[in-house]
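**Q** To start, I am sharing the structure in question, which I have written as structure tokens.
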Amino acid sequence: MSTPVSSKISLEEKLNQLEEQLKNGDPDFEQFRQAHQELKGLGRRLQELLQWATEQHRDDKKFESLYRQVAGWNASTLMESLKRTGFALKQDSDLKDAFDRQGYRILELVRAGKRDEAFHAILRIFVSAKKEFPAHLVEAFKPIYSDELFKVFLFSFLSGILGQERETEQ
């Protein structure tokens, strides 16, 4: 139990240090970036713990409500991560070719909101290429996210792997 408290204190101390840097007129970007990374990590961890609590206490809607709030808060981070993953996977010629062949079919499944079929089609590509399925891609398929958010997540991922070669300009 002392670990979460020490993490909170650690982040609080970092924020106080950042505030001091600003007061002194000498902010260190790297320390701001590190604090941001720690905050994102804590947000993901909180979401995982809330998912667990929600599964243990299915009748308690308070946990589900808070889980939905935290998941929504983390959604934009997940969207960007999925797009970067798509760009990175584009470098693997086996995966790129498979997604090029199946891309329009998968796009249509996503557009129609067919999560199970879209998951199966994407999983089949990874299995046939003998590649590991990205864990955060699994997150996009969880029912906690609305159909609209699911579509945004998958379109972000697919735009990375199916999109034009100009991603390096971004």
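**Q** To the nearest 10 degrees, how steep is helix 147-162 against the longest Cα principal axis of the chain, on a 0 to 90 scale?
**A** Roughly 70 degrees between the two axes.
**Q** Counting other C-beta atoms within 10 Å, and keeping those with at most 12, which DSSP coil trypsin sites (Lys or Arg not before Pro) do you find in segment 78-170?
**A** Filter output for segment 78-170: 130.
**Q** Let me ask something additional. Work through the residues other than residue 106 whose Cβ is under 13 Å from its Cβ and net out their charges, Lys, Arg +1 and Asp, Glu -1. Display every interim value, and only then the final one.
**A** Values: positive: 101, 105, 111, 114, 115, 124, 151; negative: 100, 108, 116, 117.
The answer is +3.
**Q** Could you point to the label whose value was computed as Cα Rg over 2.2 N^0.38 Å for the structure here, given (i) 1.01; (ii) 1.37; (iii) 1.24?
**A** Given (i) 1.01; (ii) 1.37; (iii) 1.24, the calculated one carries the label (iii).
**Q** Give the angle, between 0 and 90 degrees and rounded to the nearest 10, that separates the Cα long axis of helix 29-56 from the longest principal axis of the Cα atoms of the chain.
**A** With both axes taken from Cα atoms, the answer is about 70 degrees.
**Q** Using a Gaussian network model on the chain with a 10 Å cutoff between Cα atoms, which of 157, 133, 87 fluctuates the most?
**A** Sorting by GNM fluctuation, first place goes to 133.
**Q** Given charges of +1 on the Cβ of Lys and Arg and -1 on the Cβ of Asp and Glu, with all other atoms neutral, how large is the dipole of the chain about its Cα centre, in debye to the nearest 20? Can you show the working numbers first?
**A** Numbers: 26 positive and 28 negative charges, 119 e Å.
Value, rounded to 20: 560 debye.
**Q** Now, a different point. Within 9 Å, Cβ to Cβ, of residue 131, how many net charges do the neighbouring residues add up to if Lys/Arg are +1 and Asp/Glu are -1? Don't skip to the answer; put the middle values down first.
**A** On the way: positive: 130; negative: 92, 94, 132.
Computed value for this residue: -2.
**Q** Can you list the HN-Hα couplings for segment 78-87, worked out from phi with the Karplus curve (6.51, -1.76, 1.60; θ = phi - 60°), rounded to whole Hz and with x for Gly and Pro?
**A** Running phi through 6.51 cos²θ - 1.76 cosθ + 1.60 with θ = phi - 60° gives 5, 4, 5, 5, 5, 5, 4, 5, x, 4 Hz.
**Q** I need the phi-derived Karplus couplings for segment 116-130: 6.51 cos²θ - 1.76 cosθ + 1.60, θ = phi - 60°, integer Hz, Gly and Pro marked x.
**A** Taking θ as phi minus 60°, the curve returns 4, 5, 5, 4, 4, 5, 6, 4, 4, 4, 5, 5, 5, 8, 6 Hz for segment 116-130.
**Q** Same structure again: Helix 2-23 sits at what angle to the longest principal axis of the chain, using alpha carbons and giving 0 to 90 degrees rounded to 10?
**A** 70
**Q** Using the heavy atoms of the protein chains and a 1.4 angstrom probe, tell me the accessible area per residue for segment 1-134 in square angstrom. Before the final figure, lay out each step's value.
**A** Details: 9280 Å² over 134 residues.
In whole numbers, segment 1-134 has 69 Å² accessible per residue.
**Q** How large a share of the accessible area of the chain, in percent, is made up of carbon and sulfur atoms when the probe is 1.4 Å and the other protein chains stay in place? Don't skip to the end; give the middle numbers.
**A** Values: 6020 of 11250 Å².
Its accessible area is 54 percent carbon and sulfur atoms.
**Q** Kindly give Rg over Rh for segment 114-160, based on alpha-carbon atoms, with the Kirkwood expression for the hydrodynamic radius.
**A** When Rh is taken as the Kirkwood radius, the ratio is 0.95.
The values are calculated or read from the model by the stated rules, or taken from the named source; none is laboratory data. Because the structure is a prediction, the values reported are computed rather than measured. Because the Cβ atoms are built from the backbone with ideal geometry, glycine has one as well, and the counts that use them run over all protein chains shown. Calculation scope for accessible area: heavy atoms of the full protein, side chains included, ligands and nucleic acids excluded. Shrake-Rupley method; radii C 1.70, N 1.55, O 1.52, S 1.80 Å.
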